[in-house]
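For reference, the structure discussed in these notes is given below.
Quick note: the coordinates plus some simple rules give every number you see, no bench work behind them. Only a predicted model underlies this, so the values are computations on that prediction, with no experimental measurement involved. Ideal geometry is used to build each Cβ from the backbone, glycine not excepted, and the neighbour counts take in all protein chains shown.
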Amino acid sequence: MTVSLKKQQKIISGLSETVKHLGYDIREVRDGVARSSNAGSGTSKTPQNYTGTIFELWEEIDTLFNEKKRVEKRSMARLYPKVAEEIRTLVINHKRGIAISDATIRNFHKKTTKNPKEETLDALKLWK
């Protein structure tokens, strides 16, 4: 191998590492949460099988959503942002948990969050 080719491979390797780190930064900005790593909960297109206390919380949240949808006559798409705002208010008033986005709530409710974070669960518990 020539010196020039080795240099190019080293540059490509460095660029690859930079792109990998940029992916982490993009996810942090998209989620609106400052994190030191990409340790997100992740989502899946297929519904997850929640178990234990997470399943119990999901059942309570699902019941609340269905009741709120019936009373307010809103679609779920319009309900998620409203609930996210209610949770943000609760988090501020109780000084517990973190404010979560409507996408986080939607993903949890649709069971597409693989491993819900403890902070997310705490915020949802405030709402129930």
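Which of the peptides 101-114, 75-88, 58-71 is most tightly packed, and how do the rest follow, going by the mean number of other Cβ atoms within 10 Å of each residue?
101-114, 75-88, 58-71
Given a cut-off of 25 Å, name the pairs among 73/117; 95/125; 69/95; 10/114; 69/128 whose C-alpha atoms lie farther apart than that in the structure shown. Show your work: numbers first, answer last.
Working: 73/117 30 Å; 95/125 13 Å; 69/95 28 Å; 10/114 36 Å; 69/128 15 Å.
Violating the 25 Å Cα-Cα cut-off are 73/117; 69/95; 10/114.
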